Amino acid sequence: MAVVTKRNLSFGWVEAAIRYGGVFGAAEKLVYREIFGLSEPTVSRHQAEFEMLFEQACGPVFLRDEEGRVQGGRLTLDESARLPEAPVFSSIPRLERWLDDMLGSRGYVEADLRQPDPNLAVVRTVVRAIRTETPLLVTVDGGGREQGRLVSPHAIFRIKGRFLMRGYEHLTMQYQDTALARITRVVLAPGTEPYRDARLDEAWKRFSTVVTRSRDVGPDDESYAFSFEADRDEGNDEVQVREAFLPYLGDEVVGIQLDPDPLSKGDPGRKSKPGRS
């Protein structure tokens, strides 16, 4: 069980200040103190410790004076420094969360625009493939180059504003998700390969009880851990989700409990229909 301590969580915030804003100075320290409830001496100690750990991982990256001390008593990223792509502290908040912390409602606004809707011709073909249990030849936009796939789709789901197709990828022999908006061409392909339904899609069949933070509770109020029982409190919500959805939930999740007998509960999210099993 991976546990992130409060100290590591707070250092993730400092790393965000370096990566997103380029400096951990007076303004950043003030917000840092408020978020984590720290005194000025504690913030100074944190800065010194973070400086040491961060440069142990990244090499010299901060501007320094002639005596080798960080300039002005703050951590300022040298413009020529190259930071590793992966964060040093895994608890680093997402860009939008840090911007909201640092800039507030005056300096950071979320328009919350919808994701692009998929082509309805694509949707119709995918729906037909699911209902007739027929594989599809799919062409997907892979960031400037198109990729061809043979897929047996068994479901469409919408999460975080995106519509995705869940299905068996015959080339990789795995169940995977594909954003419908990225599909440029699709055609029914009966007779190519036997259709593979959801019966062997374990991540789709299994449900987990997930604890998520309520919207009015900040992510940095307490230590962040996948410990479930410790996270059952008034500030969290408990829901059941398919395990296939867990990768999309990100840092909204503070605890997960896998269902030891997933088949015993059936599908809690599905409503029965006449003539369907």
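Whole-Hz ³J(HN,Hα) for each residue in segment 182-198, computed from phi via Karplus 6.51 cos²θ - 1.76 cosθ + 1.60 with θ = phi - 60°, x for glycine and proline: what do you get?
3J(HN,Hα) across segment 182-198, in whole Hz: 8, 7, 9, 9, 8, 8, 4, 10, x, x, 6, 9, x, 5, 10, 8, 8.
With viscosity set to 1.306 mPa s at 10 °C, what whole-number translational diffusion coefficient in µm²/s follows for segment 23-175 from Stokes-Einstein and a Kirkwood radius over Cα pairs?
Details: Rh = 20.4 Å.
The diffusion coefficient I find is 78 µm²/s.
Using θ = phi - 60° and the Karplus relation 6.51 cos²θ - 1.76 cosθ + 1.60, list the HN-Hα couplings for segment 160-169 in order, rounded to whole Hz, with x at every Gly or Pro.
Listing the rounded values in order: 6, x, 10, 9, 10, 9, 9, x, 8, 8 Hz.
For Thr132 and Thr192 in one chain, what is 0.36 nm times their gap in residues minus the Cα-Cα distance, to one decimal in nm? Intermediate results must be reported in sequence, preceding the final value.
Details: separation 60, 0.36 × 60 = 21.60 nm, distance 1.46 nm.
So the chain would gain 20.1 nm between Thr132 and Thr192.
Going through segment 18-74, which GluC sites (Glu not before Pro) have at most 14 other Cβ atoms within 10 Å and a DSSP loop state? Please report the intermediate quantities before stating the final value.
Details: sites: Glu28, Glu34, Glu49, Glu51, Glu55, Glu66, Glu67; in loops: Glu66, Glu67.
Sites meeting the loop and neighbour criteria: Glu66, Glu67.
Quick one: pull the percentage of alpha-carbon pairs in segment 1-77 with a separation above 16 Å.
47 percent
Heavy atoms only, 1.4 Å probe, whole protein assembly: order Lys160, Lys205 by accessible area, highest first.
Lys160, Lys205
Full extension from Arg185 to Ala48: what is 0.36 nm times the residue separation minus their Cα-Cα distance, to one decimal in nm? Could the numbers behind the result be given before it?
Values: separation 137, 0.36 × 137 = 49.32 nm, distance 5.48 nm.
Here the segment from Arg185 to Ala48 would lengthen by 43.8 nm.
Note down the accessible area of His154, probe 1.4 Å, to the nearest 10 Å².
30 Å²
How much length would be gained if the chain were fully extended between Glu40 and Ser80, taking 0.36 nm per residue of separation minus their Cα-Cα distance, in nm to one decimal?
Values: separation 40, 0.36 × 40 = 14.40 nm, distance 3.01 nm.
That pair, Glu40 and Ser80, stretches by 11.4 nm at full extension.
The values are calculated or read from the model by the stated rules, or taken from the named source; none is laboratory data. Just so you know, these numbers come straight off a predicted model, no measurement behind them. Virtual Cβ from ideal backbone geometry, glycine too; neighbours counted across all protein chains shown. SASA here: full protein model, heavy atoms, side chains in, ligands and nucleic acids out. Shrake-Rupley method; radii C 1.70, N 1.55, O 1.52, S 1.80 Å.
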